[in-house]
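A quick write-up on the structure given underneath.
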Amino acid sequence: MKVKDCQLHVRGESRFVDDFPAPQGTMHAAIKASEIAHGDIKDIDLSQAEKLPGVAKIVLARDIPGENQIGSIIQDEPLLADKEVHFRGQPIAIVVAQTAEIAREAVSLITIEYTEKTPIVDAREAATKGQLIAPARTFSCGDTETAWADCTTIVSGSADSGGQEHLYLETQGALVMPAEDGVWRILSSTQGPTAVQRICARILGIDMHQIEVDVLRLGGGFGGKEDQATAWAALAALAAFCVQQPVKLILPRHEDMLMTGKRHPYSSDFKIGLDQNGKILAYEATYYQNAGAAADLSTAILERTLFHATNSYFIPNVKATALSCRTNLPPNTAFRGFGGPQAMFVIESAIAAAAEKMGVAALQIQEKNLLRDGDVFPYGQKMEACRIGRCWQENKERFFWQDKQQEVADFNLQNPLVKKGLAIMPVTFGISFTNTGLNQAGSLVHVYSDGSVSVSTGAVEMGQGVNAKIRAVAARCLGVDLAGVRIESTNTRRVANTSPTAASAGADLNGHATRLACEQITARLADFAAQSMGATAAEISFGKNRVLRDGQATDLTWDSLVEQAYWARVNLSAQAHYATPKIHFDITQEKGQPFAYYSFGVAAIVARLDCVRGIYTFETVEIVHDLGASLAPKVDLGQIEGALVQGLGWMAMEDVVFDENGRLLANTLSTYKIPDIYFAPQKIDTVLLENAAHPAGLFHSKAIGEPPLMYGIGGWFALRNAMQAFRPQAQIPFVAPMTPERVLLGLYPE
Ligand code: MTE
Ligand code: LUZ
Ligand code: MOS
């Protein structure tokens, strides 16, 4: 990495899986997938497809040498359907052919006979029929039953949020190459190289050390490749095993949209109770998560829903119950926020409903109930170093909420057909994998004899800038320029047993591991330099590409020190492991301290709605975000803006529509609309909370990847407020996304 990743991107030089020159003899795979949502396979006719010139092999479940199972948390998902199919797009056969075009043509010649069964596509229906992925879970504190008696306002209702297509620029894919002695080398577009390694070994019935997974970078993941890159790598590996040749499998966009899971749609019920001052005394919620046909990560996602049931508020009496419901849709999966956004939409809906009933602005209730130090979440973690109040106050003052409210009111008085709405969205997001065991990372650092540095970690670069951050960490620890540090691909041979790059914790975990590895090397080099300079190791440090003594630059450069140390046989490499301290969670009690810390921020959003045509723009989004002390401020700003727009897309525009037969209707970019530059807010103003160093963080920084997505939820409420300015009596259901169609149905219900 002499230049930054983004420079390679704009030059078109960065390589994705499909850009690697395939070795000679590489075959291409295409997938025959189920055409029905639920049923039994009666017959598979391969005869026409097999006759097509250029087809080498058609692989079925029976060809799997190992176990036909890719489930990671719950083992309920075959790689290839055998007797039954559970969703449209479920892989049944792999065609291996000379070219991808031939493979696809052969796929169209395969005919499958099914006995169809009635599919379930709705989460509540699945729950009614007892179709749960796992037993329901409940987080609670206090006693809601007795608390209702003290409430002067009680509101109940329902809130539904939709799915979301990841739409990473690089579709799912892998290139699998045989090496000697039953070893396979896999290039995969995955956030979880170890997951790919483990599952491919399971499918092929071999040991993990017979599989090397290498990931240079992804053209986006957004959670869609945390668990769901694995299947495509395993299908390619199985195909390669069957033909004993390299095999490439790259999903065309349309197939990627049809075959892969998305953000989980949720349908939820809430009940909220407040006293006359607007203090929330009690909150109950039941979440019906539409998991799709297999567990995938659904139970972990559901758990995070429970953790974020109360968003940024302290509520003394809470009972939140969550059900993961099995339906006949493609298995839904991780998506930026991981169940947190779905929970926050529900509590914000409850607050909006309560505000309406009490005749106050939602922001008054929000403000009154913000978390403070010492508050305890329903799952037992005590809030420390709380900054949600600071973010709130700072946003309010810096961005003149009073004036803004007045401006919106004035505008609405003057304009009968165009209305504006303002909403405030606070976000408090727990940082750490909620599955404590995943909070670990490894790093391998080499200093070569010329002084240049090579760093390998378990972190996967997917556009979020984790490489830039780890590079900054290594450069800082070793006292060398950024240009002296190269971040290598993520490779299971260099760093083993990696957690997926997810939960916004990639930079934290792998950065800490890199810091620890660098510290081993600088300790050795400080000893060596001290000896040769007649100093003590404590006097030695490194900076500006030099050895420092008592903080002052000496004549000894980093490069020459390293060269001398090499000839003195000092070990210039180090491996380190990091495990987040202190966190724990007891699933039998549903209590513990799952998060290392929290990320905070507040967004103020103004929407402008054309009430005749139902179309709208987000005029301004003003954010105060607590980043700690950023490792890479420009990267972090990019993450905030990108996540915000992705969140607005989820809340306002992106409508994943399936019909009652489990057929994806929004299956192209003409029917599934995503944000573009015209949709993006006209003005996004981000202020980073000042004097906000995070003492326990990596160089006082905080994670950034997911939390700002949830600012987008404010966009939904800004639109709802604009709608109510037009039609104060309208009952606008809490259903997202608020597409122009839903706006019009809300404004003109008859
Ligand atoms: N940013 C870009 N450009 N592309 C991505 O795929 N994924 C997001 C976020 N930001 C993503 C992104 C998700 S879902 C997560 S969990 C984090 O990045 C992961 O990276 P981190 O842990 O290094 O923050
Ligand atoms: N993945 C995961 C995640 O396995 N556990 C988590 O807690 C999580 N959180 C956010 C995103 N991905
Ligand atoms: Mo992100 S949903 O944790 O990959």
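Structural remarks
- Hits in region 463-473 (condition: within 15 Å of residue 490 (Cβ to Cβ) and buried (at least 24 other Cβ atoms within 10 Å of the Cβ)): 464, 465, 466, 467, 469, 470, 471
- One residue from 129, 117 being basic (Lys, Arg) and without any contact (Cβ under 8 Å) to a residue 24 or more places away in the chain: 129
- Single residue of region 640-657 satisfying the filter (in a loop (DSSP other than H, G, I, E, B) and touching a Gly at 6+ places or on another chain (Cβ under 9 Å)) that is farthest from ligand 2 (Cβ to nearest atom): 657
- Any hit, region 539-551, residues being modelled with pLDDT of 95 or more, of a type in the set (Ser, Thr, Tyr), under 22 Å from residue 444 (Cβ atoms) and not in a loop (DSSP other than H, G, I, E, B): no
- Lone qualifier among 720, 727 - being out of contact with any strand residue (DSSP E or B) (no Cβ under 8 Å at 6 or more places or on another chain) and away from ligand 2 (no atom under 16 Å from the Cβ): 727
- Taken together, 346, 360 contain a single residue that is touching a residue at least 40 places away in the same chain (Cβ under 8 Å), outside any loop (DSSP other than H, G, I, E, B) and either more than 16 Å from ligand 2 (Cβ to nearest atom) or of a type in the set (Val, Ile, Thr) (or both), which is 346.
- Every residue from region 178-205 that is of a type in the set (Val, Ile, Thr) and out of contact with any strand residue (DSSP E or B) (no Cβ under 8 Å at 6 or more places or on another chain): 199, 203
- Taken together, 497, 510 contain a single residue that is surrounded by fewer than 24 Cβ atoms within 10 Å (Cβ to Cβ) and either within 16 Å of ligand 3 (Cβ to nearest atom) or more than 19 Å from the chain's Cα centre (by Cα) (or both), which is 497.
- Options 296, 227; residue that is at positive phi and within 16 Å of ligand 2 (Cβ to nearest atom): 296
- Residues that are of a type in the set (Gly, Ala, Ser) and either over 24 Å from residue 646 (Cα atoms) or not in a loop (DSSP other than H, G, I, E, B) (or both), drawn from region 202-253: 205, 231, 233, 234, 236, 237, 239, 240
- Of all residues in region 435-462, those satisfying the criterion of being within 15 Å of ligand 1 (Cβ to nearest atom) and surrounded by fewer than 22 Cβ atoms within 10 Å (Cβ to Cβ) are 435, 438, 440.
- Residue 88 vs. criteria part of a helix (DSSP H, G or I) and either at pLDDT 95 or above or buried (at least 22 other Cβ atoms within 10 Å of the Cβ) (or both): no
- From the options 691, 661, residue that is at pLDDT 95 or above, more than 16 Å from ligand 2 (Cβ to nearest atom) and more than 22 Å from residue 408 (Cα to Cα): 661
- A single entry from 387, 398, 304 fulfils the requirement of being touching a residue at least 24 places away in the same chain (Cβ under 8 Å) and in contact with an Asp or Glu (Cβ under 6 Å, 6 or more places away or on another chain): 387.
- Selected residue [modelled with pLDDT of 95 or more, buried (at least 19 other Cβ atoms within 10 Å of the Cβ) and part of a helix (DSSP H, G or I)] from 37, 49: 49
- Selection of region 496-511 for residues being within 12 Å of ligand 2 (Cβ to nearest atom) and within 18 Å of residue 229 (Cβ to Cβ) yields 499, 500, 501, 502, 503, 506.
- Here residue 272 fulfils each of the conditions (1) surrounded by 24 or more Cβ atoms within 10 Å (Cβ to Cβ); (2) of a type in the set (Val, Ile, Thr); (3) within 16 Å of ligand 2 (Cβ to nearest atom) apart from (3).
- Of the residues screened, residue 628 is not one that is over 28 Å from residue 464 (Cβ atoms) and among the small types (Gly, Ala, Ser).
- Residue match in region 706-719 (condition: assigned to a loop (DSSP other than H, G, I, E, B) and under 26 Å from residue 427 (Cβ atoms)): yes
- Residue check for residue 233: without any contact (Cβ under 8 Å) to a residue 60 or more places away in the chain, out of contact with any Pro (no Cβ under 6 Å at 6 or more places or on another chain), within 16 Å of ligand 3 (Cβ to nearest atom) and closer than 27 Å to residue 656 by Cβ: no
- Filter result for residue 95 (outside any helix (DSSP H, G or I) and surrounded by fewer than 18 Cβ atoms within 10 Å (Cβ to Cβ)): no
- Boolean, residue 494 is within 30 Å of residue 222 (Cα to Cα) and touching a helix residue (DSSP H, G or I) at 6+ places or on another chain (Cβ under 9 Å): no
- Of all residues in region 135-191, those being among the aliphatic types (A, V, I, L, M), under 17 Å from the mean Cα position of the chain (by Cα) and away from ligand 1 (no atom under 16 Å from the Cβ) number 0.
- Scanning region 481-527 for residues that are of a type in the set (S, T, N, Q), more than 30 Å from residue 207 (Cβ to Cβ) and within 16 Å of ligand 1 (Cβ to nearest atom) turns up just one, 504.
The values are calculated or read from the model by the stated rules, or taken from the named source; none is laboratory data. For clarity, every value in this text was computed on a predicted model and none was experimentally measured. Here Cβ is always computed from backbone atoms with ideal geometry, including for glycine, and neighbour counts include all displayed protein chains.
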